[in-house]
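Quick notes on the structure that follows.
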Amino acid sequence: MPIQLFESENHASNYALARPSPPKLLIDSIVKYLQSGLPSNKNGSWTQAVDVGAGSGQTTFLIKDYFDQILGVDISAAQIGEANKRNTYPNISFKVSRAESIPLSDESVSLVTASQCLHWFDLKAFYNEVDRLLVPGGVFAAFGYFVYPIISMDNCSVDNKLAQVIKKAYTDLEEMGYWEQPAMKFLHSNYVDLKLPFDDCVRITGIKCPVTYSGQKCLDYIKSWSAYNSLVKSNPEKAKLFIDEAVGRMKNILNCEDIYSIQINLTFEFFLLMSRK
Ligand SMILES: C[S@@+](CC[C@H](N)C(=O)[O-])C[C@H]1O[C@@H](n2cnc3c(N)ncnc32)[C@H](O)[C@@H]1O
């Protein structure tokens, strides 16, 4: 049975509002690796890519200039609904589909991406699908980021104190048992023990992704977590209190009531694994 934790419309709309997209350096690294083993067509692009577990298109939109056609697939109809709302590109389409059974023909794809989602898949079935879809020389890229932003040693900086509010929300949900432990442990290890599907492999860690979030967007980010949405489902009152507590902590740090419009500098840390067929 697939794990389906991103199903409600509220969850998907918070996801679209607040999740970070991978930084340019990460996308450039994928394109460079792809080009080094599978030169692009005469028009400078490749024919087809598929972004698996696409969410609301956090990666799909970033690769739009490199492929004639891009398909984003996700098991959640709500996520695909948000992706479709945001899509203005004629070469991008989205479909509800499981990662383990993608509606594209054999050896038709140059790049398969899986951003912040591989830890939810049936890996054996998904790898069979990656192998079926990729042309020889095609690339599989799996990447992700630590769920809470980098916490520095600088205890005086307001940004760092606010980043700690996000971390505290993460660890509180962990203590309450709302995170899927094996999946999150695997993600937060940077998939260190993951065997990639092909022998030609590259692993890059520590890719920084600086973002500026409003106070409201920090709260939306917390609300985009699967663990928070599991709490909402099981105990809506407690979920409301949980957000009120995060707001209270932010108010204390900022020493003001309007925490919603304040701008906060945060840095997410990504890792990237690539493997060439
Ligand atoms: C944390 S989100 C990542 C979304 C997006 N790729 C990103 O980078 O933000 C994980 C996504 O994987 C999807 N997902 C989980 N299991 C799946 C499966 N077996 N097949 C397809 N999508 C799946 C979820 O519905 C969710 O949208």
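Quick look at the numbers
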quantity: Test item: Cα-centred dipole of the range 143-277, Lys/Arg +1 and Asp/Glu -1 on Cβ, debye; calculated: 260 debye
quantity: Rounded Å value of the spacing that divides the Cα centres of the range 130-185 and the range 218-244; calculated: 17 Å
quantity: Nitroxide proxy distance, nm - points 7 Å out along Cα→Cβ at residue 204 and residue 105; calculated: 3.3 nm
quantity: Candidate aspartates and glutamates - alpha carbon under 12 Å from residue 208, same-chain residues fewer than 8 apart omitted; calculated: 269
quantity: Full-extension gain in nm, residue 25 to residue 195, via 0.36 nm per residue minus C-alpha separation; calculated: 58.8 nm
quantity: Qualifying trypsin sites (Lys or Arg not before Pro) for the range 1-72 [loop in DSSP, other Cβ within 10 Å: at most 15]; calculated: 42
quantity: Size of charge dipole - the chain - debye, nearest 20, with Cβ of Lys, Arg +1 and Asp, Glu -1, no other charges; calculated: 320 debye
quantity: Gain upon complete extension [residue 158, residue 257; 0.36 nm per residue less C-alpha separation]; calculated: 34.1 nm
quantity: For residue 138, distant residues with modelled amide H under 5 Å away; calculated: 277
quantity: Size of charge dipole - the range 81-123 - debye, nearest 20, with Cβ of Lys, Arg +1 and Asp, Glu -1, no other charges; calculated: 300 debye
quantity: Shape of the range 139-202, Cα gyration tensor, a/c cut at 1.5; calculated: oblate
quantity: Furthest towards positive pole of dipole, 108, 153, 176, structure part the range 66-211, Cβ charges; calculated: 153
quantity: Options 219, 191, 229, ranked by Cα towards positive dipole end of the range 163-277, top entry (Cβ charges); calculated: 191
quantity: Qualifying lysines (Cα of each under 23 Å from Cα of residue 195; at least 8 residues distant if same chain); calculated: 32, 124, 185, 277
quantity: The range 231-277: GluC sites (Glu not before Pro) falling in loop per DSSP and having at most 12 other Cβ within 10 Å; calculated: 257
quantity: Kirkwood hydrodynamic radius (C-alpha pairs) into Stokes-Einstein, the chain, 20 °C and 1.002 mPa s, D in µm²/s; calculated: 110 µm²/s
quantity: Charge-dipole axis of the chain as Lys and Arg at +1 and Asp and Glu at -1 on Cβ define it, positive-most pick from 123, 135, 34; calculated: 34
quantity: 20 Å Cα-Cα reach of residue 42 towards aspartates and glutamates, excluding residues that sit fewer than 8 places from it in its own chain; calculated: 28, 65, 68, 107
quantity: Whether the range 141-277 is rounded, prolate or oblate, judged on the alpha carbon gyration tensor where a/c under 1.5 counts as rounded; calculated: oblate
quantity: Cα-based shape type of the range 68-153, given that a ≥ b ≥ c are square roots of the gyration tensor eigenvalues and the cut on a/c is 1.5; calculated: oblate
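The numbers here are math on the coordinates, done by the rules we state, and not lab data. Computed from a prediction, not measured in an experiment: that's the story for all the values here. Using ideal geometry, Cβ is built from the backbone for each residue, glycine included, and neighbour counts are taken over all protein chains shown.
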